[in-house]
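Peer 1: Here it is, the structure in full.
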Amino acid sequence: MAAAEPVVPALPNSGGVGAGAPSGTVPVLFCFSVFARPSSVPHGAGYELLIQKFLSLYGDQIDMHRKFVVQLFAEEWGQYVDLPKGFAVSERCKVRLVPLQIQLTTLGNLTPSSTVFFCCDMQERFRPAIKYFGDIISVGQRLLQGARILGIPVIVTEQYPKGLGSTVQEIDLTGVKLVLPKTKFSMVLPEVEAALAEIPGVRSVVLFGVETHVCIQQTALELVGRGVEVHIVADATSSRSMMDRMFALERLARTGIIVTTSEAVLLQLVADKDHPKFKEVQNLIKASAPESGLLSKV
């Protein structure tokens, strides 16, 4: 937000912020949500230093996937105003961090460099219970082959593998970034978040597995809440009940999550017939993916 503009003096503020700041620093009251904490910053501190101070004070409460604006209390108006460009702290003042409630337009574009695949709970014990599970396995394997060809990281989870078994043998996990057991339904675990943080520029997650209305749905909603664009592969996810599966896909689509197909995902990632990996990907989709009961909806 702060551009490299001429330094602007802080607006006057008579708010009572604690005194006794170290020499060369200025006392500032940092407000976030219902909290207000007095601290200090170096004289001449600008937007970036204020943000760093907010993070040091409230880091465990700030969702960094949100967008924020820093505001300054202006006595002449009796309220907070947006921080002026080029602002620098020159005297005691009061600032607050405000999350913006902006609904961002989902574009749905996929590029290999900003995409991660999530394979959710494709386990042996689900085989007899999940509708069209054989088809889902087939399409899931196709997606993982595409990920290997295009160099896309893959994160795999297994729901309580001690009781539900490991990932089915047909799914080749060669080269995946992480295989993680879990008891939580959502895949968004601390280890998964840490793995995502290690991958620069992640913007999109391609999500597939079981069950659509439980682990897939909860994972998708958590990821979107963290600012990640989610693509659910409809022909690579299912549930024990087709009713649960279809209503989950419909609900997720209404929230702005992208419900798509395996072929659409793979060709969008390639994007051009002159892509050096196009032929390899084309070989994966020469035979159309199984419909896995999806056409019963239309």
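The values are calculated or read from the model by the stated rules, or taken from the named source; none is laboratory data. Predicted, not measured: the structure shown is a model, and the values here were computed from it. Reconstructed Cβ throughout: ideal geometry from the backbone, glycine too, with neighbour counts over all protein chains shown. Only protein heavy atoms, including side chains, enter the accessible area calculation; ligands, DNA and RNA are left aside. Shrake-Rupley method; radii C 1.70, N 1.55, O 1.52, S 1.80 Å.
Peer 1: Each label point is 7 Å from the Cα along the Cα-to-Cβ direction; what then is the distance between the points at Arg127 and Glu170, in nm?
Peer 2: 0.9
Peer 1: Tally Lys and Arg at +1 and Asp and Glu at -1 over the other residues with C-beta under 11 Å from the C-beta of Val265: what net charge comes out? Walk me through the intermediate numbers first.
Peer 2: Working: positive: Arg142; negative: Asp235, Glu263.
Net charge in that neighbourhood comes out at -1.
Peer 1: So, with a 1.4 angstrom probe, what is the percent of accessible area on the stretch 112-285 that is carbon and sulfur? Could you put the intermediate results ahead of the total?
Peer 2: Working: 4000 of 7380 Å².
The C+S portion of the solvent-accessible surface of the stretch 112-285 is 54 percent.
Peer 1: With runs of 4+ DSSP H residues as the only contributors, calculate the mean residue ellipticity of the chain at 222 nm using -39,500 (n - 2.57) per run, divided by the residue total and rounded to the nearest 500.
Peer 2: Working: 8 runs with 80 residues, N = 298.
Roughly -8000 deg cm²/dmol at 222 nm, from the helical runs in the chain.
Peer 1: Using C-alpha positions alone, give me the convex hull volume of the chain per residue in cubic angstrom.
Peer 2: On the way: hull volume 51.8 nm³, N = 298.
Normalising the Cα hull of the chain by residue number yields 174 Å³.
Peer 1: For an R0 of 35 angstrom, estimate the FRET efficiency from the Cβ-Cβ distance between Lys286 and Ser114 and round to the nearest 0.05.
Peer 2: Numbers: r = 27 Å, r/R0 = 0.78.
Once rounded, the FRET efficiency stands at 0.80.
Peer 1: Now a separate question. Let me know the charge dipole size of the chain about its Cα centre in debye, to the nearest 20, where only the beta-carbon of Lys, Arg (+1) and Asp, Glu (-1) is charged.
Peer 2: Working: 28 positive and 28 negative charges, 60 e Å.
Taking the Cα centre of the chain as origin, the dipole is about 280 debye.
Peer 1: Additional query: With just the Cα atoms defining each centre, how far is the stretch 241-277 from the stretch 124-177? Give it in Å.
Peer 2: 17
Peer 1: The stretch 189-248: which GluC sites (Glu not before Pro) are DSSP loop and have at most 14 other beta-carbon atoms within 10 angstrom? Could the numbers behind the result be given before it?
Peer 2: Details: sites: Glu191, Glu193, Glu198, Glu211, Glu222, Glu229; in loops: Glu198, Glu211.
Within the stretch 189-248, the qualifying GluC sites (Glu not before Pro) (loop, at most 14 other Cβ atoms within 10 Å) are Glu198.
Peer 1: Calculated FRET efficiency, His43 and Lys277, Cβ-Cβ r, R0 51 Å, to nearest 0.05? All intermediate terms of the calculation are to be shown ahead of the outcome.
Peer 2: On the way: r = 55 Å, r/R0 = 1.08.
Given R0 = 51 Å and the Cβ-Cβ separation, E is 0.40.
Peer 1: Please give, to one decimal in nm, the separation of the simple spin-label points placed at Ile51 and Gln268, each 7 Å out from Cα toward the Cβ.
Peer 2: 2.8
Peer 1: Tell me whether the stretch 112-285 comes out rounded, prolate or oblate; compute the Cα gyration tensor, take square roots of the eigenvalues as a ≥ b ≥ c, and use a/c under 1.5 as the rounded threshold.
Peer 2: Values: a/c = 1.32, a/b = 1.25, b/c = 1.05.
Because its axes are fairly even, with a/c under 1.5, the stretch 112-285 counts as rounded.
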